[in-house]
Amino acid sequence: MLAGRLGDVEQNDNSAWLPGDAESTRVVERVARFQPADTVPAIVVYDRSGGVTAADLAKARADADAFRGVEGVEGAPQGPVPSEDGQAIQTVVQVHKDRTGWEGIGKVVDALTEVGERDAGGLGFHVTGPAGQASDSIKAFGGGGGLTAITATVVVLILLLTYRSPVLPLLPLLTAGAALVTSEAVIYVLARNAGLTVNKQTGFILTVLVFGAATDYALLLTSRYREELRRHEDRHEAMARALRRSGPAIVASAATVAVSLTLLMLATLNSTQGLGPACAVGVLVGLLAMTTLMPALLVVCGRWIFWPTTPSYDATPAGAATDGLWARVGAAVAGRPRLVWAGTALVLGVMTLGMFALRADGLAGKDQFTGRPQTVVGEEISARHFPAGSGDPVYVVAKADAAREVRDALSGVPGVARVAAPVVKGGEALVLGELRDDPSSTAAMRAVERARAAVHRVEGARAQVGGTTAVLLDTREAADRDSAAIIPIVLVVVFLVLALLLRAVVAPLLLMATVVLSFGAAMGVSALVFRHVFHFAGEEASFPLLAFVFLVALGIDYNIFLVTRVREEALRHGTRRGALTGLSATGGVITSAGVVLAGTFAAMASLPLVFAAELGFAVAFGVLLDTLVVRSVLVTALTLDVGRWMWWPSALFHRPDTPGGEPAKPAPEPALRSS
């Protein structure tokens with residue numbers, strides 16, 4: 001019941017995502033005395049291919065009167081105003097936004113559309129501007145139920161191929177679904193009582209992350225359980241050993257992801273600040289479900305759950321597999337490990353050069369969608385027939401006695417088309433400026449930067465610049481600051497988790513280096529694909545930071561899964577043999593886990609949003625690259641080349657490998673007390 005109420009606490013208003021000390025946020029507070037602070041403009045555009053007629057203008061006037069009766073419309077609409085070329089008509093309507101932001105705006109825009117399309121007689125009708133963009137965005141995010149269904153379908157298909165069992169995939173799917181619902185309930189409580197900021201973006205990322213990460217943990221546990229069922233007749237003992245063997249890797253993996261995501265709380269951008277803890281909750285609940293509910297279900301169901309490839313008990317089990325795909329890969333890498341890792345690193349480094357094509361300075365309104373919704377079409381029509389910034393002005397608030405100087409300073413700013421006369425109330429003045437460019441474009445943001453520099457120079461004016469464009473500019477600057485501050489901290493924390501897990505220094509440093517190189521390669525390829533294949537205009541300002549956290553935290557997972565098994569085998573057989581045995585034993589399950597996680601993030605492409613498509617592609621490609629190349633080739637080659645130095649300064653470092661790969665004194669396998 002609580003999970004179903006998560007939408008009640010979402011805050012989707014752009015300005016609510018910003019920190020309280022952002023200039024555009026302070027303008028919202030100061031401008032409240034001049035007009036309602038909780039409104040955004042809806043720009044209504046009419047057009048007819050042969051030119052609008054007198055009857056069309058009459059309909060636009062009648063619609064403007066009808067708009068005043070729509071619940072959520074504030075004040076009298078401005079217009080209708082015909083374009084100079086006689087091809088279009090424009091009306092600006094102020095729309096109330098409540099705490100839910102987009103949700104309420106979407107309903108108002110739907111009501112405006114119903115009025116405008118009634119008895120249109122072939123007259124084109126479109127709602128654009130900030131309200132139109134918000135409405136189409138909420139409809140795009142509104143496919144959240146569809147995203148969950150697509151994600152679940154992807155997981156089931158991959159698990160069917162992995163397990164080759166028609167029944168077994170149901171257990172991780174049900175457990176991941178329970179984890180998702182539980183995490184949504186916890187997040188709702190935190191948002192309602194602890195001030196956590198959540199929005200639609202949080203919701204869809206949470207879905208794919210919980211399904212992907214939780215299923216990864218299930219794959220690792222189930223693989224080890226099946227292995228232990230061949231060694232132990234009692235399935236309870238087999239599960240106990242499977243949990244003890246795989247538990248540290250699963251816990252370390254979840255801890256790495258959760259801690260990395262929690263560090264996003266250090267962000268100044270409220271949307272990023274809230275996303276981190278929410279997703280961390282999802283990962284931790286997924287961990288709890290996969291180490292309690294999932295083992296219980298597996299044990300209760302018994303061996304038949306693996307049908308038709310049911311694992312049977314073998315009193316004299318064979319040793320580690322020496323054949324199979326991953327054993328052959330290991331043998332190939334072992335031939336010349338130094339050449340392999342150096343060549344692989346060089347190729348990844350070349351792929352990293354594509355990052356120069358990355359343009360993470362925000363997306364214009366028309367570039368935020370993969371298709372052409374109403375707001376994009378309306379914006380294009382409006383730009384052809386009206387000044388680009390009409391209906392969505394720049395707000396400048398200053399002291400009343402400096403109003404004229406501020407107006408003159410704003411008028412002289414390149415990129416500002418027109419400036420209205422100041423409106424004075426209670427010792428403060430409001431000056432509205434119209435931009436020459438689309439308010440959500442990079443050119444408009446540069447104009448706002450120049451406007452701020454100009455009005456700030458007016459001595460004693462206390463002038464501040466706000467509005468839609470200023471919000472986008474402040475969002476971009478906050479995202480840049482967050483990336484510079486958080487990325488180094490994430491690297492340090494991940495290193496410490498690895499050092500504690502492996503009781504070493506060299507191995508964590510090498511693993512960190514491989515993951516960072518993998519991240520750079522994934523971002524480089526993604527940037528080129530975005531430019532030259534998908535033809536996207538750019539990336540959101542928060543994209544690099546989110547991609548980094550997801551790729552580094554999730555990418556290190558597979559290194560954890562591999563290296564913990566390598567260390568376990570190295571205790572018995574030496575580092576070099578342990579590296580090959582670990583790769584052979586974990587290659588299949590880690591590859592399956594990577595494919596599952598990549599598939600869940602790829603499902604984000606079902607949302608018609610450029611941000612979702614870009615983040616989904618980058619994480620999916622990066623996870624596959626890390627799983628298939630970095631973990632299997634680069635890390636294995638490094639381990640073979642570095643040898644026992646991987647474990648410096650732990651006790652394992654002091655146990656040299658023999659030429660045959662056997663240590664001088666093999667460690668006995670610790671006994672497991674019966675429960």
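Taking every pair of Cα atoms in the stretch 385-521, average 1/r, invert it to obtain the Kirkwood radius, and report Rg/Rh to two decimals. With Rh from the inverse mean 1/r over Cα pairs, Rg/Rh is 1.29. Near the amide H of V81, within less than 5 Å, lie the amide hydrogens of Q90, T91, all on another chain or at least 5 residues away, with H placed in the peptide plane.
Considering Cα pairs under 8 angstrom that are at least six residues apart, work out the relative contact order of the chain and quote it in whole percent. Relative contact order for the chain comes out at 17 percent. The magnitude of the dipole of the chain, with charges of +1 and -1 set on the Cβ of Lys/Arg and Asp/Glu and taken from the Cα centre, is near 2320 debye. Modelled spin-label separation between E380 and A296, with each label point placed 7 Å from Cα along the Cα-to-Cβ direction: 5.5 nm.
Taken about its Cα centre, the stretch 321-456 carries a charge dipole of roughly 400 debye when the Cβ of each Lys and Arg holds +1 and the Cβ of each Asp and Glu holds -1.
Principal axis analysis of the Cα atoms in the stretch 294-398 yields extents of 82, 48, 34 Å, listed in decreasing size. For L174 and A62, the FRET efficiency from 1/(1 + (r/R0)^6), where r spans their Cβ atoms and R0 equals 51 Å, is about 0.40. The orientation-averaged projection of the convex hull spanning the C-alpha atoms of the stretch 38-141 amounts to 6.3 square nanometres. Taking a straight Cα-Cα cut-off under 17 Å and skipping sequence neighbours fewer than 8 places away in the same chain, the aspartates and glutamates within cross-link reach of K59 are D47, E114, E117, D119.
Extension gain, L496 to A54: 0.36 nm times the residue separation minus the Cα-Cα distance gives 151.9 nm. Ellipticity at 222 nm from helices only: DSSP H runs of n ≥ 4 in the chain, each -39500 (n - 2.57), divided by the residue count, give -20000 deg cm²/dmol. In this simple spin-label approximation, E117 and A149 carry label points 7 Å from Cα along the Cα→Cβ vector, and these lie 2.2 nm apart. Once the Cα-Cα distance is subtracted from the 0.36 nm per residue extended length, the R436 to E84 segment shows a gain of 125.1 nm.
Basic side chains Lys and Arg get +1 at the Cβ, acidic Asp and Glu get -1 at the Cβ, and with that the dipole of the stretch 38-141 about its Cα centre reaches some 60 debye.
Calculated FRET efficiency, R33 to V189, Cβ-Cβ distance, R0 = 41 Å: about 0.70 to the nearest 0.05. Other residues lying with their Cβ under 11 Å from the Cβ of K366 contribute a combined charge of -4, Lys and Arg counting +1, Asp and Glu -1. Of the residues F211, Q35, A249, the one whose Cα sits farthest towards the positive end of the charge dipole of the chain is A249 (charges of +1 on Lys and Arg Cβ, -1 on Asp and Glu Cβ, taken about the Cα centre).
Listed by chain and number, the lysines whose C-alpha is less than 17 Å from the C-alpha of K200, apart from same-chain residues fewer than 8 away, are K97, K107, K139.
Set against the 2.2 N^0.38 Å expectation for a compact globular protein, the stretch 393-466 has a Cα radius of gyration ratio of 0.99. A straight chain from R328 to E237 at 0.36 nm per residue would run longer than the Cα-Cα distance by 29.6 nm. Each DSSP beta bridge with both residues in the chain is either parallel or antiparallel, and the antiparallel ones are about 95%. When the Cα positions of V525, A403, F611 are compared along the charge dipole of the chain, V525 comes out farthest toward the positive end, with charges on each C-beta of Lys, Arg, Asp and Glu. By the Stokes-Einstein formula, at 1.306 mPa s and 10 °C, the stretch 568-653 with its Kirkwood radius over alpha-carbon pairs has D equal to 109 µm²/s.
A Förster radius of 51 Å combined with the Cβ-Cβ distance from R230 to K139 puts the calculated FRET efficiency at roughly 0.50. Simple rule: put +1 on each Lys or Arg Cβ and -1 on each Asp or Glu Cβ in the chain, find the dipole, and look at G69, G335, I560; the Cα lying farthest toward the positive end is G335. When Rg and Dmax are taken over the Cα atoms of the chain, they come to 29.1, 96 Å. Each residue, L2 and R404, gets one label point 7 Å from its Cα in the Cβ direction; the gap between the two is 6.1 nm. Annotation: for a label point projected 7 angstrom from Cα along Cα→Cβ of R338, residues of the stretch 626-642 with backbone N closer than 11 Å are 641-642.
Highest mean first, the peptides 395-405, 487-497 sorted by other C-beta atoms within 10 Å per residue fall in the order 395-405, 487-497.
Values in this text are rule-based calculations from the coordinates and carry no lab data. Because the structure is a prediction, the values reported are computed rather than measured. Virtual Cβ from ideal backbone geometry, glycine too; neighbours counted across all protein chains shown.
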